[in-house]
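The values are calculated or read from the model by the stated rules, or taken from the named source; none is laboratory data. No experiment lies behind these values; they were computed from the predicted model shown. Heads up, the Cβs are rebuilt from the backbone with ideal geometry, glycines too, and the neighbour counts pull from every protein chain shown.
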Amino acid sequence: MTNRADSGRVERVNGPLVEVSGLSGVAALDVIEVGPLRIAAEVVAIHEGRLTAEAFEYTGGLRVGDEATAQGRALSARLGPHLLGGVFDGLLRPLEGGPTWLEPGSLVARPSTRSWPFVPTPLELGAHLESGTLIGTLMSESGVQHRVLVPPDVFGKLTWLSGAREVAESDSVATIDGRDVTLFELWPVRRARPARARLRTDEPLVTGQRVVDLFFPVAQGATAAVPGGFGTGKTMLLQQIVKWADVEVVVFVGCGERGNELADAVADLMALKDPKTGRDLRERTVVIANTSNMPVMARVASVYTGMTVAEYFRDMGYRVVMLADSTSRWAEALREFSSRSGELPAEEGYPASLSSSLAAFYERAARVTTLGGGEGSVTLIGAVSPAGGDMTEPVTSQTVRYVRCLWSLDRDLAYARHYPAVTWRHSFSLDDTLIANWHAAQGRVGWSESRARALALLAEADRLASVVELVGIGALPSRERVVMLSGRLLREGVLQQSAMSENDAYCSPKKQSALLDMVLAVHDRCLALVEGGLPASAIEEIDLTAVIRARDETGPDDDAGVTRLRDEVLARMGTS
Amino acid sequence: MSDAGVPVTAHDVDAPIEYTGATRVGGPLLAIRGVEGVGWDEIAAVRLPSGELRHGLVLEVSGDIAIVEVLQGTGGIDPELVSVAFEGRPFDVPVGDGWLGRVWNGMGEPLDGGPPMLAGQRRPVSGAPLNPSQRDVPSNPVFTGISVIDALATLVRGQKLPIFSSAGLPHLELAAQIAAQANVAGENFKVVVAGMGLTHADAAAMREVLESRSASGDLVLVLDSADDPVVQRVLTPRVALTIAEFLAFERGQHVLVVLADVTSYCEAVREVSAARGEIPGRRAYPGYLYSDLASLYERCGRIKGKPGSVTLVPVLTMPGNDITHPVPDLTGYITEGQIVLSANVHATGVYPPIDVLSTLSRLMRKGVGEGRTRGDHMALAAQIIASLARARSARELADLIGAEALTETDRIYLDFEDAFYRDLVNQRPDEVRSMEETFERAWRVVSVLPERELTMMPSASVATNYRGSLRADNAHADVIEHDATSESAEHRG
């Protein structure tokens, strides 16, 4: 360590770009601290002993000649039992209890004053433990049991294991291969946490949102992108998933988005109960908030930080969903920095590495066999904010290449207050067949067929709508008029879903199928009536508001209620 | 300069050293060599031989060179004779109540002949980000006295709701009307208006409309003119927001900030970015325009446990009436909804010419309802908007196949749309409407529709407020007869 200089000197400051000389023993992507406020910065280039770093906070007042010191490690997230229920910034520093105004240097990751009741797993002293082995659990009131595992880079002989007791942050709970294991660990955020094997993803992530679950389902451990211009309800849809997704842990990364919205989402989580466990939804959620006015460079870190937290819980054997809102702001932060550091711009000023960065990020989602032999998954859902609503812009077009599902939000639907504004025209799910098998195994044998019929009806109704715009509905034959009517029933009674309604905000898979089957049954009956000679205009006069209101007037899991309503409507319609 | 000659210890400067001579002058930039201990983004005093004093900001420090951006431009600066002193602090303004009732230029210097703002506590104009976990959710309305906004796109305290417009439309008139009329029903309320790149004619018109509110000491007017230096324009909204944050979070006031015109601001950002030699992004705006706009827009809000609020109404003109242009597009991604003005509505003579179907206040649900405005407010707004959407598609159909081919119901919707613009939207630029009057008008318009069409309204509300089908026989005449009088409810009752 003799040739290692502990402190260097700032040579150049241009916004978040800082150049430092005289600091050796620093590797690329290591974190250094600059200036009297010890602002963290990530080293992105080293050239002839001169480091180029990007600062994670505002560098106003930083001077040439200021001191720079090395942290001696890459940007790392401090993982531990304090995460669930918390709100953190992009570097995983707790925001709650922090200052009102985030002046540079004012936010620090303080050691936790809490302690946790540790209960060891019965293990033989002297046993050889692999990484990922369960060594104990934390008893807690929160719904998610915290599992203490041997960290990924630790394995070997167990020489000491704590008994059941209260454990503080700095206390070790075991000694393995001469190394102390505590409840906390540091993990470099840009490195994916290891797992034993990737597994096939064939079980759906049930979101309780009909347009997603019925038409464009995402599998546990897969990826989905949600592109949508502003005002299309992107954040609203993501928040619904935060609330209702059928997983044990949710990681929500608010990346360069609105502060009010985030405050609202957190307040909502406090007020809502998990429908399955009856506990506060917040207890299963980690919020990472880097709002649009917070430092841009921490925005780049925030998505990696979020993914690392998600993988941490995955490794405990949980199903995790991570939502990033919005990946476009992350990409813009990449662009901003690459332009400052004088990199050659590719498309629209984005760095040429955009595509590979996106691919590497989305590929961290997976369903795996964990190091400890359990099974866990991280499902990744990324919002995309296409500039000018242009789906061909670089971030959108590159993202679409790497995801398994696309939920495209449509401005026309949003303007017509059709929410969630996921369009059936430009959305896809590549896992639909696997998920159909899963539904069949659950006893919903007709799931796949109903879905196909509904999509075909929607497509035909769209095609007819453009004809009607030209010639008026009166010019259509009766069968086609029935298709138009059924298309409307599908849109309003199945696809639309009110996030504000107690009954409708979440819809169980059983009720989803019941609603869809009701509309299809009504459609069949209408066709039968028309074939029996009833004029289409008479069909259009039938009061079918009950079909549209069923989603709102039956409980979230009340498929029997829907079926009852269906029978009433069909009885009222009569037969030919 | 008592310390002259003594090496200054870093970050502890009392008297700044003055450096004479620049190695480069160009655009707004000066390069000064041989400097020591200069911090990034600090303010510099640039002195000309004539004694003229200009302000500058440090854009970059590299070795012993500092690049300074001169707010008033470098015109008339001789590189050999200019001297620059670095002040060791960011650009800041004193805060206090002294701003109220006065008119200032874009840097916070008096324009009204009064004394300068006395030095109180100084705050950097760039502000610091508000900790998102300490934000309180906006939950109460700001009343603008403008029916269409209050009824359909209610402004909520702590919200940012921009006005999207294009050249030739009365957006400044509307912004001035909002600034002149807005209130929070009896609570403390102040207004800060920042004009950015306004023509002198527009600025004069604005001053006139706002005169009485200013005279009562409830308004701060910060005016940057179209012929002011562009670098100053970049600071103008920040000066305004710094004043607003003080009034809101230290004086407990509800503050409305109107920023007009944000497009001029963005042009200034682009011009400055080009002068700095930065790599251009979309339409040559710098890649950081989103973050830059966010650093303004996100300064609105409420803080848990504090009484005040900052509500923001940015006004912007869409170049070429293109909503996908970077300025409206990036704004739309940050703000909570938008009020869109339309040339088509303007052509019909309706003021304010708002395109209701493109207009949205995302936080409205939080700010209205029982105890805030009225229990049926949200449902009423949803019903009107859905009905207008139906009317629009009926109108498009009628244009293609003729009105005769429409169904009877569709024709009623067309009448509804006419009544809507005539009886609810249209309003004088100096007319303040109470919420009662706005609701009364809204129900009168809705009552043009047959009762069976009101599917989005709770039936109790329909029972109390619905006026029978106003159209029943000859609705047109009926509605015209009761035009614009708020007593019509009693007549009908």
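Here are some notes:
- Hits in region A:506-533 (condition: surrounded by fewer than 18 Cβ atoms within 10 Å (Cβ to Cβ) and among the aliphatic types (A, V, I, L, M)): A:Ala521, A:Leu527, A:Ala528
- Residues in region B:111-118 include none that are at the interface with another protein chain (Cβ under 8 Å from one of its Cβ atoms) and touching a strand residue (DSSP E or B) at 6+ places or on another chain (Cβ under 8 Å).
- Of all residues in region B:328-343, those satisfying the criterion of being hydroxyl-bearing (Ser, Thr, Tyr) and either in contact with a Cys (Cβ under 6 Å, 6 or more places away or on another chain) or over 19 Å from B:Gly367 (Cα atoms) (or both) are B:Thr331, B:Tyr333, B:Ser342.
- Qualifying residue in region A:132-144 (condition: surrounded by fewer than 20 Cβ atoms within 10 Å (Cβ to Cβ), touching a helix residue (DSSP H, G or I) at 6+ places or on another chain (Cβ under 8 Å), at pLDDT 90 or above and under 30 Å from A:Arg196 (Cβ atoms)): no
- Screening the candidates B:Leu363, B:Leu289 for the property of being surrounded by fewer than 24 Cβ atoms within 10 Å (Cβ to Cβ), in contact with a Gly (Cβ under 9 Å, 6 or more places away or on another chain) and under 30 Å from B:Phe246 (Cβ atoms) yields one hit, B:Leu289.
- Here A:Ala289 fits the description: in contact with a Pro (Cβ under 6 Å, 6 or more places away or on another chain) and either crowded, with 24+ Cβ neighbours inside 10 Å or part of a strand (DSSP E or B) (or both).
- One residue stands out in region A:67-97 among those that are facing chain B (nearest Cβ under 9 Å) and in contact with a helix residue (DSSP H, G or I) (Cβ under 7 Å, 6 or more places away or on another chain): the one that is farthest from A:Thr52 (Cα to Cα), namely A:Glu96.
Every residue, every condition in (1) free of Cβ contacts under 8 Å to residues at least 60 places away in the same chain; (2) hydrophobic (A, V, I, L, M, F, W, C); (3) under 29 Å from A:Ser172 (Cα atoms), yes or no:
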residue: A:Ser21; (1), (2), (3): yes, no, no
residue: A:Gly25; (1), (2), (3): yes, no, no
residue: A:Glu33; (1), (2), (3): yes, no, yes
residue: A:Ala77; (1), (2), (3): no, yes, yes
residue: A:Gly80; (1), (2), (3): no, no, yes
residue: A:Gly85; (1), (2), (3): no, no, yes
residue: A:Phe88; (1), (2), (3): no, yes, yes
residue: A:Glu103; (1), (2), (3): yes, no, no
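- Hits in region B:31-47 (condition: under 23 Å from B:Val93 (Cβ atoms) and not small (Gly, Ala, Ser)): B:Val38, B:Trp40, B:Asp41, B:Glu42, B:Ile43, B:Val46, B:Arg47
- Considering region A:267-286, the residues that are touching a residue at least 40 places away in the same chain (Cβ under 8 Å) and crowded, with 21+ Cβ neighbours inside 10 Å include one that is farthest from the other protein chains (Cβ to nearest Cβ), namely A:Arg284.
- The selection criterion, being farther than 30 Å from A:Asp410 by Cβ and either in a helix (DSSP H, G or I) or away from chain B (no Cβ under 14 Å) (or both), does not hold for A:Gly208.
- Looking only at region A:383-398, residues that are more than 9 Å from every other protein chain (Cβ to nearest Cβ) and either within 16 Å of A:Val422 (Cβ to Cβ) or acidic (Asp, Glu) (or both) come to 5 in all.
- A:Ala416 vs. criteria on the phi < 0 side of the Ramachandran plot, in the same structural domain as A:Gly256 (by TED's automatic domain parsing), of a type in the set (Gly, Ala, Ser) and more than 20 Å from the chain's Cα centre (by Cα): yes
- Counting only residues that are touching a helix residue (DSSP H, G or I) at 6+ places or on another chain (Cβ under 8 Å) and either loosely packed, with under 15 Cβ neighbours inside 10 Å or of a type in the set (A, V, I, L, M, F, W, C) (or both), region A:354-364 holds 5 of them.
- Among the conditions (1) part of a helix (DSSP H, G or I); (2) among the charged types (D, E, K, R); (3) within 14 Å of another protein chain (Cβ to nearest Cβ), the only one that A:Glu311 does not satisfy is (3).
- Residue identified as touching a strand residue (DSSP E or B) at 6+ places or on another chain (Cβ under 6 Å), β-branched (Val, Ile, Thr) and over 12 Å from A:Phe215 (Cβ atoms) among A:Val471, A:Val384, A:Val467, A:Val445: A:Val384
- When A:Leu434 is tested against (1) within 14 Å of chain B (Cβ to nearest Cβ); (2) surrounded by fewer than 21 Cβ atoms within 10 Å (Cβ to Cβ); (3) not β-branched (Val, Ile, Thr), just one condition goes unmet, and that condition is (1).
- Here the condition is being within 13 Å of chain A (Cβ to nearest Cβ) and at pLDDT 95 or above; of B:Ala244, B:Ala240, B:Ala284, B:Ala248, it holds for B:Ala248 alone.
- Residue count for region A:11-50, restricted to those that are more than 12 Å from every other protein chain (Cβ to nearest Cβ) and either more than 17 Å from B:Trp40 (Cβ to Cβ) or touching a helix residue (DSSP H, G or I) at 6+ places or on another chain (Cβ under 7 Å) (or both): 18
- Residue match in region A:114-123 (condition: outside any loop (DSSP other than H, G, I, E, B), under 30 Å from B:Leu57 (Cα atoms) and among the small types (Gly, Ala, Ser)): no
- Qualifying residues in region B:307-327 (those that are in contact (Cβ under 8 Å) with a residue 60 or more places away in the chain and within 9 Å of another protein chain (Cβ to nearest Cβ)) - the one farthest from A:Ser292 (Cα to Cα): B:Ile323
- For region B:25-51, a residue qualifies if it is away from chain A (no Cβ under 14 Å) and within 38 Å of the chain's Cα centre (by Cα), and the qualifying residues are B:Val25, B:Gly26, B:Gly27, B:Pro28, B:Leu30, B:Ala45, B:Val46, B:Arg47, B:Leu48, B:Gly51.
- Residues in region A:115-137 that are closer than 11 Å to A:Ala164 by Cβ and small (Gly, Ala, Ser): 1 in all.
- Some residue of region B:135-147 being closer than 21 Å to B:Ala442 by Cα and among the aromatic types (Phe, Trp, Tyr): yes
- The set of residues in region A:536-557 that are under 19 Å from A:Gly487 (Cβ atoms) and in contact with a helix residue (DSSP H, G or I) (Cβ under 7 Å, 6 or more places away or on another chain) comprises A:Ala536, A:Ile539, A:Glu540, A:Ile542, A:Leu544, A:Ala546, A:Val547, A:Ile548, A:Ala550, A:Arg551.
- A:Glu541 being surrounded by fewer than 18 Cβ atoms within 10 Å (Cβ to Cβ) and within 19 Å of A:His418 (Cβ to Cβ): no
- Qualifying residue in region A:437-444 (condition: among the aromatic types (Phe, Trp, Tyr), assigned to a loop (DSSP other than H, G, I, E, B), touching a residue at least 40 places away in the same chain (Cβ under 8 Å) and more than 14 Å from chain B (Cβ to nearest Cβ)): no
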